[in-house]
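A quick write-up on the structure given underneath.
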Amino acid sequence: MLIEVLKSKIHRVKVTGADLNYIGSITIDENLMDAAGLIAGEKVSIVNVNNGERLDTYVIKGARGQGEITMNGPAARKVQRGDIVIIIAYAQMEFEEAKSFQPTIIFPNEETNLLN
């Protein structure tokens, strides 16, 4: 039996942009992607701490070391620049494997979105 579990999380980062006219997705600083074990195209859930919105999208690689977190496309209506979001990725695995699996959770600086 496969179950879905937390794979990785970027906890509390500030949205630096919201681009309604982009096709879709969330652009994430490549350093944050690496630290959280995310890859371009991976499905993620976004939780907006400011307004409670939840949505799913996919990751686009942003410039390394810039702290970019940009919500693109229609999802840009669910966030505003300056909102705090949590970015969550899940993985499917066998039940027994999931019992001992340890997710990767990172806590960037909430003001700069950079790793300390």
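Before moving on, here are some points about what is shown:
- Ranked list, fewest to most other Cβ atoms within 10 Å of each Cβ, for Met33, Met1: Met1, Met33
- Ascending count of other beta-carbon atoms within 10 Å, so fewest first, for Leu20, Leu55: Leu20, Leu55
- Counted over all Cα-Cα pairs of the chain, pairs farther apart than 17 Å make up 51 percent.
- All Cα pairs of region 41-97, percent lying beyond 18 Å: 40 percent
- Number of Lys pairs (Cα under 19 Å; 8 or more positions apart or on different chains) in region 2-106: 10
- In percent, rounded to a whole number, the relative contact order of the chain is 45, using alpha-carbon pairs under 8 Å and six or more apart.
- Residues with amide H under 5 Å from that of Tyr22, placed H, sequence gap 5 or more: Gly73
- Counting Lys and Arg as +1 and Asp and Glu as -1 over every other residue whose Cβ lies under 9 Å from the Cβ of Gly62, the net charge comes to -1.
- 5 angstrom amide H check on Ile105, placed H, neighbours 5+ away: Lys9
- Listed from fewest to most Cβ neighbours within 10 Å, the set Glu111, Glu97, Glu68 follows the order Glu111, Glu97, Glu68.
- For the chain, modelled as a GNM whose springs connect Cα atoms under 10 angstrom apart, the maximal fluctuation among Thr27, Thr70, Thr104 occurs at Thr104.
- Amide H contacts of Val44 (H built 1.01 Å from N, in plane; Pro and chain starts excluded): Thr57, Tyr58, Val59 sit under 5 Å, all sequence-distant by 5 or more or on other chains.
- In loop segments of region 63-97 as defined by DSSP, the trypsin sites (Lys or Arg not before Pro) with at most 15 further C-beta atoms inside 10 Å of their C-beta are Arg64, Arg81.
We did not get these values from a lab; they are worked out from the coordinates using the rules stated. These figures come from a predicted structure and were not determined experimentally. Here Cβ is always computed from backbone atoms with ideal geometry, including for glycine, and neighbour counts include all displayed protein chains.
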